[in-house]
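Here the structure is laid out as structure tokens; the discussion comes afterwards.
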Amino acid sequence: MTDATIGSRTRRPEVSILGQIVRSRLGKAILALLLPLGVLVLWQASGTNGAVAGGALPTPDRVWKAWLVWAFGKPGPMTLSPYVGSWADAIYFSAGRVAKGFGLAVLVGVPLGIMIGWSRLAASVVDPTIQWLRPVPITAWLPISIAIFGISDFGAVFLITIGAFYPIVINTTQGARDVDKNWIRAALMMGASQWDVLRRVVLPAALPSIFTGLRIGLGIGWTAVIVSEMVAVKSGLGYVLWDAYYVGRMDIVIADMVSIGLFGFLSDWAIVRLEHWVLKWRRLQNFNQ
Amino acid sequence: MGTISLRSVSKVYGGAREVVALDQVDFDVAEGEFVALLGPSGCGKSTLLNLVAGFETLTDGTLTFDNAPVTRPGPDRGVVFQEASLLPWLSVWENVVFGPKVQKLARSDYEPRAREILRVVGLEAFHEALPVQLSGGMRQRVGIARALVMEPRALLMDEPFGALDAQTRLSMQALLLDVWQTLKTTVLFVTHDIDEAILLADRICVMTARPGRITRTIPITLNRPRSIDDLTSAEFNRFKAMIMAEMRGGHH
């Protein structure tokens, strides 16, 4: 009878093994790697002599070897290939342009968005123009950019700024418009000036929307840097991408694509970490509701 | 200090259909007086408070605070909002010192006062907490503290305990009685709760809707100091019966 009693005792519902894996941190990392690893294995297996599809694409092992040389190779006096030890330079140029262009877009977009969201006058004067210019894609700005800035660093920075500006200004405007009316009234009641209200109430209240704009803007910034480097500058990941294609170095093309993805991901992660830290009050709010 | 005066004040909201929120209202609050505006929702009692606060502009008439026309909100009239409306990204302490800080007062002037007020409202252990980590009643204590720290000449309270549960509301009413009985600042208190109005006020102005008017003023002569024990006294119930009759009459 004792056995029966033990057996019939109600147990806590057990989480299945699969459920436990999905919940653990390590399990999540393993699950996330399944798909890309599967693709890599299939890709590698479908090639012969280091090539897939009759030589059009290199296999992953050849891409890896090409990247090692591109990243860590020491160019000798007789080295003709530009893809020896120049990876860090390419990253430095591209990331630097994204940082400058994105920074400029933030400096212009956030204050302008706050003004449009706060003042009906600013909205009437500036907002329509922004809405008319917004449908023009960054690629269409290329000729003008080259005409004005020539083949120069600032041409690329200009395109990134344009691309990142719209999502930043639009999301900031939205955030500044949706501020709780009573927060503003409370601040005015406590003796705040218009400037205090903008800086101490509207800006912090708009921050969740601003961060949404920053993430979208940064993503567009990486698109813009690649496009502009393909056409308007002679350095960076975008330049290497197009140049390597011309000389038939598809291994470098793929290594380049992976690098863009990696740095795009890392910069987005940095913004998310910053958001996490700045918007602690917001996280607690969502948790408590 | 802290006198409020309205002379034939009207407030009309424009739009497709005009709404007369206040119609030719004459109304006075004397220095140190606690006046409750009592009425159903939509009777214009919050509109009247918003006009005194300077949040809205009047359509017609004159409105003065200490004999000067009201043109904008300011720290001389501390407002306590229905949902506290604290700034959610600031801690309790930062919310309370927001006013003195933007007024650029000296730290040595306001910090001891802010600490003392937070002690009085029972939040001395919660300086660093964010509003979202507090209960509704505690949030409203911060709302009262941030108004009091400015040493306003009048307190304007817009259904400050309307969103709280019955028990919390009682403790908040007790707190307000204690605080007011020491400070004796002018209070304009908007509510739809008859018990609350009788317990707290020196005088109740009963309002009716469409158009918003003050139909009757009832002095509450219950002895001071009061406490929540007064809620069950015979005299309290006499006032309650009178006001309920008044409000029922107002609907016909």
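With a 1.4 Å probe and all protein chains left in place, how much accessible area per residue does region A:87-288 have, in Å²?
49 Å²
Summarising the strand pairing of the protein assembly as shown, around 55 percent of its internal DSSP beta bridges are antiparallel. In a simple Cβ point-charge model (Lys, Arg +1; Asp, Glu -1; nothing else charged), the protein assembly as shown has a dipole of about 800 debye relative to its Cα centre. Comparing B:M138, B:M242, B:M157 in a Gaussian network model of chain B (Cα springs below 10 Å), the most mobile by mean-square fluctuation is B:M242. Dipole check for region B:83-151: with +1 at the C-beta of Lys and Arg, -1 at the C-beta of Asp and Glu, and the Cα centre as origin, the magnitude is about 80 Debye. Take every pair of alpha-carbon atoms less than 8 Å apart whose residues are at least six positions apart; their mean separation over the length of chain B yields a relative contact order of 27 percent. Here is the interface size for B with A: some 2100 Å² of accessible area buried, both sides summed, with a 1.4 Å probe. Along chain B, the longest continuous region that contains none of the GluC sites (Glu not before Pro) in a DSSP loop with at most 13 other C-beta atoms within 10 Å is B:129-252. Think of the protein assembly as shown as having a plus end and a minus end, set by charges on the Cβ of Lys, Arg, Asp and Glu; of A:M230, A:N49, A:V98, A:N49 sits farthest toward the positive end of this dipole. Restricted to Cα atoms, region B:83-151 shows a radius of gyration and a Dmax of 10.8, 31 angstrom.
For helix B:136-148, report the angle its Cα long axis makes with the longest principal axis of the Cα atoms of chain B; keep it between 0 and 90° and round to the nearest 10°. The answer is roughly 90 degrees. Largest GNM mean-square fluctuation across B:A174, B:A84, B:A125, computed for chain B with C-alpha springs under 10 Å, falls on B:A125. At 1.4 Å probe radius, can you tell me the per residue accessible area of chain B in Å²? On a per-residue basis, 44 Å². A DSSP coil position with no more than 14 other Cβ atoms inside 10 Å describes the following trypsin sites (Lys or Arg not before Pro) in region A:213-289: A:K234. Taking every DSSP beta bridge that has both ends in chain B, the antiparallel portion is near 55%. Using a probe of 1.4 angstrom, how much of the accessible area of region A:87-288 is carbon and sulfur, in percent? With neighbouring chains kept in place, the figure for region A:87-288 is 69 percent. In summary, the lysines within cross-link reach of A:K280, defined as a Cα separation below 29 angstrom excluding same-chain residues under 8 places away, comprise A:K28, A:K100, A:K181, B:K101, B:K104. State the percentage of accessible surface on region B:83-151 attributable to carbon and sulfur atoms; use a 1.4 Å probe and exclude ligands, DNA and RNA. Carbon and sulfur atoms account for 48 percent of the accessible area of region B:83-151. Here the Karplus relation 6.51 cos²θ - 1.76 cosθ + 1.60, evaluated at θ = phi - 60°, turns the backbone of region B:209-222 into coupling constants of 9, 6, x, x, 9, 8, 8, 7, 10, 10, x, 9, 9, 4 Hz, with x for every Gly and Pro.
Among residues other than B:R169 with Cβ under 10 Å from its Cβ, the summed charge is -4 (Lys and Arg +1, Asp and Glu -1). Take each residue in B:79-91, count the other chain C-beta atoms within 10 Å of its C-beta, and the mean is 5.
Within straight-line reach of A:K74, meaning a Cα separation under 22 Å, sit the following lysines at least 8 residues removed in sequence or on another chain: A:K65, A:K234.
A Stokes-Einstein calculation at 37 °C with viscosity 0.692 mPa s, built on the Kirkwood radius of chain A over Cα pairs, returns a diffusion coefficient of 143 µm²/s. Under 12 Å between alpha carbons, and skipping anything fewer than 8 positions from B:K11 in its own chain: which aspartates and glutamates qualify? Leaving aside aspartates and glutamates fewer than 8 places away in the same chain, those within reach of B:K11 are B:D23, B:E56, B:D60. Between the amide H of A:L57 and those of A:V52, distances stay under 5 Å, these residues lying 5 or more places away or on another chain, with hydrogens modeled in the peptide plane. Remark: accessible surface ordering of B:H127, B:H192, A:H276 (largest first) is B:H192, A:H276, B:H127, probe radius 1.4 Å. The mean sequence separation of alpha-carbon pairs under 8 Å and at least six residues apart, normalised by the residue count of region A:141-289, gives a relative contact order of 26 percent.
Span-like helix criteria (full DSSP H runs; alpha carbon extent of at least 15 Å along the helix axis; mean Kyte-Doolittle hydropathy of at least 0.0) are satisfied in chain A by A:25-45, A:60-72, A:87-118, A:120-133, A:153-177, A:203-231, A:250-278. Of all the options B:R153, B:R115, B:R77, the one that moves most in a Gaussian network model of chain B with Cα springs shorter than 10 angstrom is B:R115.
The values are calculated or read from the model by the stated rules, or taken from the named source; none is laboratory data. The model shown is predicted, which means the values in this text are computed figures rather than measured ones. Quick reminder, even Gly has a Cβ in these numbers, built from the backbone with ideal geometry, and neighbours come from all protein chains shown. With ligands, DNA and RNA removed, areas are computed over all heavy atoms of the protein, side chains included. Shrake-Rupley method; radii C 1.70, N 1.55, O 1.52, S 1.80 Å.
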